[in-house]
Amino acid sequence: MLDRILIGLAGIIVGAMVVMKSEWFLSNLGSVQWAEEKLGTEGGSRLFYKLIGLAIIFFGIFVMTGITTDIMNGFAKMIGL
């Protein structure tokens, strides 16, 4: 249980850093062409990096609370496994 909490907190911290430092990611990793076309003209890549950070935060919360197995079981039921 402690390992789930620590992994979840690490995910939340990493996700928050990605959201806060999206400009750093943009300057070091470059722009994402798909994001520029689909999410906006100039700020599409920044928004993309922020969305990735939010996804990491949510995944960290899911791991910390232990509902990842419930989510995976739900997906498996949807596709008929």
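The values are calculated or read from the model by the stated rules, or taken from the named source; none is laboratory data. Since we're looking at a predicted model, the values are computed, not measured. Neighbour counts are summed over all protein chains in view; Cβ atoms, including those assigned to glycine, are modelled from backbone coordinates with ideal geometry.
Summed over the range 1-22, residues that are over 13 Å from residue 52 (Cβ atoms) and not in a helix (DSSP H, G or I) total 1. Selection of the range 30-81 for residues being in contact with a Ser or Thr (Cβ under 9 Å, 6 or more places away or on another chain), over 21 Å from residue 7 (Cβ atoms), at pLDDT 90 or above and hydrophobic (A, V, I, L, M, F, W, C) yields 47, 48.
For residue 42, are the conditions met, namely being without any contact (Cβ under 8 Å) to a residue 12 or more places away in the chain, over 13 Å from the mean Cα position of the chain (by Cα), over 15 Å from residue 54 (Cβ atoms) and assigned to a helix (DSSP H, G or I)? Criteria not met by residue 42.
For residue 54, are the conditions met, namely being in a helix (DSSP H, G or I) and surrounded by 16 or more Cβ atoms within 10 Å (Cβ to Cβ)? Judged against the criteria, residue 54 is not a match.
Residues satisfying the criterion are absent from the range 5-16 (criterion: modelled with pLDDT under 95 and more than 18 Å from the chain's Cα centre (by Cα)). Only one of the listed residues (62, 48, 25, 75) is in a helix (DSSP H, G or I), surrounded by fewer than 13 Cβ atoms within 10 Å (Cβ to Cβ) and of a type outside the set (S, T, N, Q). That residue is 75.
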